[in-house]
Amino acid sequence: MLKDSESQYGMVSKSFHWLSGIVVIGLFAVGFWMVDLSYYSQWYKTAPHWHKSIGILLFIATFLRLLWKLLTPSPKAVQSSSASLQKAATIMHYLLYLLLILIMTSGYLISTADGRAIEVFTWFNVGSLGELFANQEDIAGVVHEYLAYTLIALVVVHALAALKHHFIDKDETLRRMI
């Protein structure tokens with residue numbers, strides 16, 4: 001089943017979810033590693049190029065995911081969840097999406113402050129708006145870093161909540177996304 005039903009996520013939603021999760025964790029790991037690369041490292045240019053290219057593709061996938069969410073209602077919350085827990089889960093999901101968009105926007109601002117486009121592998125370029133404010137690259141870099149750490153912390157909380165649902169509450173929350 002491609003579309004979500006009242007009780008189950010469809011393949012499109014599941015694919016977006018797991019692909020996003022894997023890519024976010026991978027981009028965080030690469031970003032964490034590449035900030036310590038020296039100018040003489042063989043990865044000095046390659047790692048940031050891949051990081052930016054995959055980040056742009058994630059931005060496109062996130063936009064498509066949000067469009068899919070607008071067009072396809074999500075399954076209803078499991079009945080064992082309290083109203084306050086459902087509200088917290090909704091806030092968490094919105095916060096995850098907001099952080100993703102802000103991180104990708106700050107990454108764009110870092111990469112295009114010098115007026116150069118971002119080359120996404122060799123497939124296409126994303127144009128630059130140039131330097132929009134003083135010290136854009138540095139300010140956006142700090143924002144990018146702190147938001148990335150915040151996102152990873154929330155991803156860990158999200159994963160722990162899913163495991164709690166599965167092993168402690170013994171409800172269908174995690175199984176619906178697998």
- Is at least one residue of the stretch 124-136 closer than 18 Å to Asp4 by Cβ, polar (S, T, N, Q) and in a helix (DSSP H, G or I)? no
- Message: Going through Ala29, Ala77 one at a time, which residue ends up being open to solvent by less than 50 Å² (accessible area, probe 1.4 Å) and without any contact (Cβ under 8 Å) to a residue 24 or more places away in the chain?
- Response: Ala77
- Output for Cβ contacts, cut-off 7 Å, separation at least six or different chains, first residue closer than 14 Å to Gly21 by Cβ in the stretch 135-163, second aromatic (Phe, Trp, Tyr), reads Ile152/Phe28
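Residues in the stretch 80-90 that are in contact (Cβ under 8 Å) with a residue 40 or more places away in the chain and open to solvent by 30 Å² or more (accessible area, probe 1.4 Å): how many? Don't jump to the end; show me each part of the working.
Here is the first cut: in the stretch 80-90, the residues in contact (Cβ under 8 Å) with a residue 40 or more places away in the chain are 80-81, 89.
Applying the additional criterion that residues be open to solvent by 30 Å² or more (accessible area, probe 1.4 Å) yields 80, 89.
Qualifying residue count, the stretch 80-90: 2.
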- Of the candidates Ile101, Ile178, the one satisfying the condition of being touching a Lys or Arg at 6+ places or on another chain (Cβ under 9 Å) and in contact (Cβ under 8 Å) with a residue 24 or more places away in the chain is Ile178
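Look through the stretch 91-143, keep the residues that are among the β-branched types (Val, Ile, Thr) and open to solvent by 90 Å² or more (accessible area, probe 1.4 Å), and return whichever of them is farthest from Ile25 (Cα to Cα).
If we filter the stretch 91-143 for residues that are among the β-branched types (Val, Ile, Thr), which is where we start, we get 91, 101, 103, 105, 110, 112, 118, 120, 122, 126, 139, 142-143.
Now restrict to residues that are open to solvent by 90 Å² or more (accessible area, probe 1.4 Å): 91, 122.
Values: Ile91: 21, Thr122: 24 Å.
Looking at residues that are among the β-branched types (Val, Ile, Thr) and open to solvent by 90 Å² or more (accessible area, probe 1.4 Å), I get Thr122.
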- Mind listing just one residue for me: the one in the stretch 144-163 that is touching a Ser or Thr at 6+ places or on another chain (Cβ under 9 Å) and within 27 Å of Ser5 (Cα to Cα) and, of those, surrounded by the fewest Cβ atoms within 10 Å (Cβ to Cβ)? Ala162
- Message: Cβ-Cβ under 7 Å, sequence separation 6+ or interchain: first residue in the stretch 108-126 and closer than 10 Å to Ser53 by Cβ, partner in a loop (DSSP other than H, G, I, E, B) and of a type outside the set (Ser, Thr, Tyr). Which pairs?
- Response: Val126/Ala117
- Message: Looking at the stretch 61-70, can you tell me whether even one residue there is among the basic types (Lys, Arg), at pLDDT 90 or above, closer than 22 Å to Lys3 by Cβ and under 12 Å from the mean Cα position of the chain (by Cα)?
- Response: yes
- Message: Take Leu85 and tell me if it is in a helix (DSSP H, G or I) and at pLDDT below 95.
- Response: yes
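The values are calculated or read from the model by the stated rules, or taken from the named source; none is laboratory data. Everything numeric here is computed off the predicted structure, so don't read it as measured data. Positions of Cβ are backbone-derived with ideal geometry, glycine not excepted, and every protein chain shown enters the neighbour counts. Accessible surface is based on the protein model in full, side chains and every heavy atom, while ligands, DNA and RNA are left aside. Shrake-Rupley method; radii C 1.70, N 1.55, O 1.52, S 1.80 Å.
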